[in-house]
Amino acid sequence: MADLSIDFCGIKSPNPFWLASAPPANCGEQVMRAFDAGWGGAVWKTLGVPITNVSSRFGAVDYAGSKVIGFNNIELITDRPLDANFKEITETKKKYPDHAVIVSLMVESKEEWRDIIKRSEDTGADGIELNFGCPHGMCERGMGSSVGQEPAVLKEITAWAKEYSSIPVLVKLTPNIGDILDPGVAAVEGGADALSLINTVKSIIGVDLDRLTLLPRVGDASSNGGYCGPAVKPIALHMVGALARDPRITIPISGIGGISDWRDAAEFLALGSTSVQVCTAVMHHGYRIVEDMIEGLDNYLEEKGMSSVHQLIGRAVPGFKDWGDLDLNYQIVADIDADKCIGCQLCYVACLDGAHQCIHTDNGPCSAWHGEPDHGMNPRCEVAPPQRHEPRIADKPHVPWVDEAECIGCNLCALVCPVPDCITMREIPNEAGPESWNDHVAAGKA
Amino acid sequence: MTAKFHETLGADRLESKFPDAKPLYTESEAYYEANRCLFCYDAPCISACPTGIDVPGFIRKIATGNIKASARTIFEANMLGTSCSRVCPVEVLCAGACVFNDLNGEPIHIGRLQRYATEKALFDEAETGRKLFEPKPDTGKKVALIGAGPASLACAAYLALEGVKPTIFERGKLPGGLNTTGVAPYKLHAESSLDEVSWLLSHGVDLKTEVEVGKDVTADQLRRDYDAVFVGIGMGDDRLLSFGNENNPYVLGATALIEAIKNDAGFQLPPGVKTAVIVGGGNTAIDIARQLAGLGVEDVSMIYRRTAAEMSGYKHEMDYARKEGVTLVENARPVKVHQEEDRVLGLRVASTVTDQETEIACDLIVMAVGQESRVHALGLDIEVNDRGHVVVDLETMRTGREGVWAGGDCINGGKEVVNAAADGREAALDMLRSWGLQPRKWRYSPSV
Ligand SMILES: Cc1cc2nc3c(=O)[nH]c(=O)nc-3n(C[C@H](O)[C@H](O)[C@H](O)COP(=O)(O)OP(=O)(O)OC[C@H]3O[C@@H](n4cnc5c(N)ncnc54)[C@H](O)[C@@H]3O)c2cc1C
Ligand SMILES: Cc1cc2nc3c(=O)[nH]c(=O)nc-3n(C[C@H](O)[C@H](O)[C@H](O)COP(=O)(O)O)c2cc1C
Ligand code: SF4
Ligand code: SF4
Ligand code: SF4
């Protein structure tokens, strides 16, 4: 078994898997059951001056038969009394001294921050997380993302927290900004010990077409909410990676956003997260998903010859380059495995209508490009009559084929192919060495 | 070990004429099927599995590409998870309970996913040498297990992984019990059963074949030499009702015939057989009927003393049999073999309703009306019930006799491999507890 334990700005955790500050970490009883199931830590549901929630509060995107690929909520911070929360946090930490317990906080005035930080410390918690992320309700009251969107304010409040707190301070960032580096750098300047991101993305989850109002419906109306779940993972990965590769970000990152299984978690770790946090996947399937995360990460590390999770953290960061530094001479082409192909021709139509017309069909009329291979560089002003090809594979005319000279190696066909590993992208060796756009510019070619 | 077993088995067996009814999934098949599972909580498929495998858990791990952990999840509950994935009557077990039966009538193919995970993981283990399970340090305890069928094999594997030294005594040439000699070849060939046995033994289990307890060594000797004894001897020979059929080469016992089809190199059906009558309405009767039909016997019928609805054979199996041309004669009992010299010409049957007699012309009769108990031959003084099944406490698998545990067909009269696997596990864990040893936390749901 690989060593999954982490040291996150001094906070020790038996593994990198934490509950995000959200309903799964709403009360002590829940967090304790989560720890029993295997979670290494939990960021408590945000505490502040308790609020009143609405009903309903959640919405979801189902896509092509998959439930909850995206999730949205209009709930606020905790609606439970602070006393109850603090008592539970104290008990939880006492019963689970080796697990990471972090208290998420959101208040307004400097005095409120001082008081609530003091009370949080008294619980024995390992750290506090400043929630500068909530994109609905709280921001209208000058908290949450309204702080996260103002680097100067964020820096100031972070500095207050550092002044009052003797335990590590995590700053949770909102994705609802132009450049994540602005609040990230501000947090570092304010003295933060770590960053967590992303909080939810500002969203409207859908429209009720019968009542002609928004979802999730509160009577006859609704409000914008926060979007999360599998659909936001790429946004979160980008923001985590952007921070991880920036030399000004010298503090550890807790990655959040759409993590559902060990693979998602491993990707965040490789892109520079030291811990990961999960909300939606637990809301969908329960704490038990952590079993697959632990075992899957362990197996992966073993297969890759890594003995500890720390060897994975940040390993993919050097691969995150500016576009201008990418090698323009690198070339791949699509390869269709005729044995695996089931003949759905999704690759054909995708390439034909959505890419570069270089996949051909032998089944019916073929509308792919039949002129000289030119990667579309010359004007194409006519719709050429389709051609008919003699099937290359007599009993499988539905198996399409790739005109390699015309293929620009975009991946589209491989992405739409429903059969695992049926279309692979093969590298075409070339004589020319690597050459990037920035090289072109430097050489005065661009 | 595997090579040696395969050599003993020999080639050119009739069972190789039967291809896999449910072949190993490809990666895509597994991917799509696994992603169809809803990952239900406290899922009905779990409680319908006699070994209580965390079915949603192992399926989700297939979906995330976590095959090794998926296989571990299966084996922790059921060490015979590989063969069970192929021989379990899933229609009446896990898949029969799947929530999709109520959603769109397409239950998850749990057995096939289980096969995918276990076979893939064992293949990977063989390739990389990275074992799924490592045994605990030696505890100094030794256990003798009688019979190398699924019950003993499961028991022995758990014991070995818990640091106990198990030795299995098997009267036959090959281990695996009915998995090797009895289950239908379109589900599992003997080779695959033996591969599974080799894997189970590889955790530190000793096997002594061609040693019959009660004959070559006494059970009491084993009780003296070992810290515990596990009785996993299954059931005995086919019961042959007496109606003038004794010693006729065209009147055969079903399990004996199946064993010949599966294991005997060069075995052929008696020459000239075109019409066969099977006596019995259980799964063994259906199995041999399907096998005979598959081997080209033109006219195969089963006679059963009551109606189809009352048969103990599964409906889904009987449906397959019918599709393959087997006919069922209900409310009929055998009266007399109509024979000339050694040859069978027909079977006289009487209606159990009207007592009226008729004759079914046939040239082969197969008796599938159950198996005898073989417990008495052990010479071990343990309590049996009126049908000769060993009496145990079902929580602990203990017999009334100090230091003797039992499980599998010999206690239940013949259920499924998965029941034997569950019994073996429970006995192993109870032995450990009886010695004050704390077994590791094997993940499974207690049977209900
Ligand atoms: C024809 C047939 C088809 C079946 N098909 C299926 C199926 O498709 N799916 C399914 O789940 N189940 C099936 N079963 C049932 C299943 O095979 C049994 O429930 C299971 O094998 C029981 O395991 P066991 O270990 O208790 O006994 P067995 O498998 O019977 O093994 C007992 C072993 O003990 C040995 N033995 C007996 N006495 C002694 C002795 N004195 N000394 C040493 N060794 C001894 C025997 O040689 C044998 O190897 C089938 C059974 C039959 C008869
Ligand atoms: C219902 C709900 C309530 C949430 N409440 C909070 C909160 O109180 N404080 C906070 O910092 N984040 C809150 N979040 C955001 C999550 O902690 C997390 O950042 C976000 O959901 C992205 O992770 P996910 O894709 O795993 O869900 C909430 C999310 C949801 C869905
Ligand atoms: S998308 Fe894949 S399976 Fe479908 S035709 Fe293309 S290569 Fe074949
Ligand atoms: S062991 Fe058999 S019954 Fe249990 S889950 Fe597997 S296939 Fe189903
Ligand atoms: S009942 Fe069916 S869908 Fe639900 S977990 Fe079991 S196999 Fe999956």
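The values are calculated or read from the model by the stated rules, or taken from the named source; none is laboratory data. Quick caveat: nothing in here was measured; it's all calculated off a predicted structure. A quick note on method: Cβ atoms are made from the backbone with ideal geometry, for glycine too, and the neighbour counts reach across all protein chains shown.
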Would you check if there is a residue in the range B:226-243 being in contact with a strand residue (DSSP E or B) (Cβ under 8 Å, 6 or more places away or on another chain), in a helix (DSSP H, G or I) and surrounded by fewer than 17 Cβ atoms within 10 Å (Cβ to Cβ)?
-> no
Cβ-Cβ below 9 Å, separation at least six or inter-chain, first residue in the range B:49-65 and closer than 12 Å to B:E76 by Cβ and in contact (Cβ under 8 Å) with a residue 24 or more places away in the chain, second within 16 Å of ligand 1 (Cβ to nearest atom) and hydroxyl-bearing (S, T, Y): which pairs?
-> B:T51/B:S447; B:G52/B:S447
Starting from the range B:19-45, keep only residues that are closer than 14 Å to B:I67 by Cβ, then list their pairs with residues that are away from ligand 5 (no atom under 16 Å from the Cβ) whose Cβ atoms are within a distance under 7 Å, requiring at least 6 positions of separation or different chains.
-> B:L24/B:E119; B:E27/A:P420; B:Y31/A:P420
Wholly within the range A:26-124, strands (runs of 3 or more DSSP E) carrying at least 1 residues that are surrounded by fewer than 17 Cβ atoms within 10 Å (Cβ to Cβ) = A:58-63, A:66-73
Is there a residue being small (G, A, S) and free of Cβ contacts under 8 Å to residues at least 40 places away in the same chain anywhere in the range B:352-364?
-> no
Residue set B:G436, B:G413; condition without any contact (Cβ under 8 Å) to a residue 40 or more places away in the chain and more than 16 Å from ligand 4 (Cβ to nearest atom); output residue B:G436
Whichever residue in the range A:243-289 is of a type in the set (K, R) and away from chain B (no Cβ under 12 Å) and, among such residues, is surrounded by the fewest Cβ atoms within 10 Å (Cβ to Cβ) = A:R248
When B:L159 is run through (1) near ligand 1 (Cβ under 8 Å from one of its atoms); (2) under 22 Å from B:D227 (Cβ atoms), the failure sits at (1)
Scan the range B:4-25 and give yes if some residue there is within 14 Å of chain A (Cβ to nearest Cβ), more than 16 Å from ligand 1 (Cβ to nearest atom) and either at pLDDT 95 or above or farther than 21 Å from A:I294 by Cα (or both), otherwise no.
-> yes
Of (1) within 11 Å of another protein chain (Cβ to nearest Cβ); (2) over 13 Å from A:A2 (Cβ atoms); (3) acidic (D, E), A:E302 fails just (2)
Name the pairs whose Cβ atoms lie under 8 Å apart, with the first residue in the range A:127-147 and within 14 Å of another protein chain (Cβ to nearest Cβ), the second within 16 Å of ligand 1 (Cβ to nearest atom) and of a type outside the set (F, W, Y), and 6 or more positions between them or separate chains?
-> none
Could you give me the residue pairs with C-beta distances under 7 Å whose first residue belongs to the range B:103-117 and is charged (D, E, K, R), whose second residue is modelled with pLDDT of 95 or more and near ligand 5 (Cβ under 8 Å from one of its atoms) wherever it lies, and which are 6+ apart or on separate chains?
-> B:E106/B:F100
Across the range A:381-404, what is the number of residues that are closer than 15 Å to A:H356 by Cβ and without any contact (Cβ under 8 Å) to a residue 40 or more places away in the chain?
-> 1
Evaluate the following for B:T167: is it out of contact with any Cys (no Cβ under 8 Å at 6 or more places or on another chain) and not in a helix (DSSP H, G or I)?
-> yes
Within the range B:47-86, how many residues are part of a helix (DSSP H, G or I) and either away from chain A (no Cβ under 12 Å) or of a type in the set (D, E) (or both)?
-> 13
Taking A:D208 and the conditions (1) in contact (Cβ under 8 Å) with a residue 40 or more places away in the chain; (2) in contact with a Leu (Cβ under 9 Å, 6 or more places away or on another chain), which numbered condition does it fall short on, given that it satisfies the others?
-> (1)
Residue check, B:V384 against (1) under 30 Å from B:N78 (Cβ atoms); (2) in contact (Cβ under 8 Å) with a residue 12 or more places away in the chain; (3) touching a strand residue (DSSP E or B) at 6+ places or on another chain (Cβ under 9 Å), all met but one. Which one?
-> (2)
Identify, from the list A:A37, A:A100, A:A64, the residue that is of a type outside the set (V, I, T) and closer than 23 Å to A:C134 by Cβ.
-> A:A100
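Conditions (1) farther than 20 Å from B:V87 by Cβ; (2) among the hydrophobic types (A, V, I, L, M, F, W, C), marked per residue:
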{"residue": "B:A406", "(1), (2)": "yes, yes"}
{"residue": "B:I411", "(1), (2)": "no, yes"}
{"residue": "B:G414", "(1), (2)": "no, no"}
{"residue": "B:A420", "(1), (2)": "no, yes"}
{"residue": "B:M431", "(1), (2)": "yes, yes"}
Going by the structure shown, is B:N104 polar (S, T, N, Q), away from every other protein chain (no Cβ under 14 Å) and more than 26 Å from A:A265 (Cα to Cα)?
-> no
Which condition number in (1) under 13 Å from A:D403 (Cα atoms); (2) within 14 Å of chain B (Cβ to nearest Cβ) is the one that A:E295 fails?
-> (1)
Answer yes if at least one residue in the range B:330-344 is touching a residue at least 60 places away in the same chain (Cβ under 8 Å), within 30 Å of B:D227 (Cβ to Cβ) and not in a strand (DSSP E or B), and no otherwise.
-> no
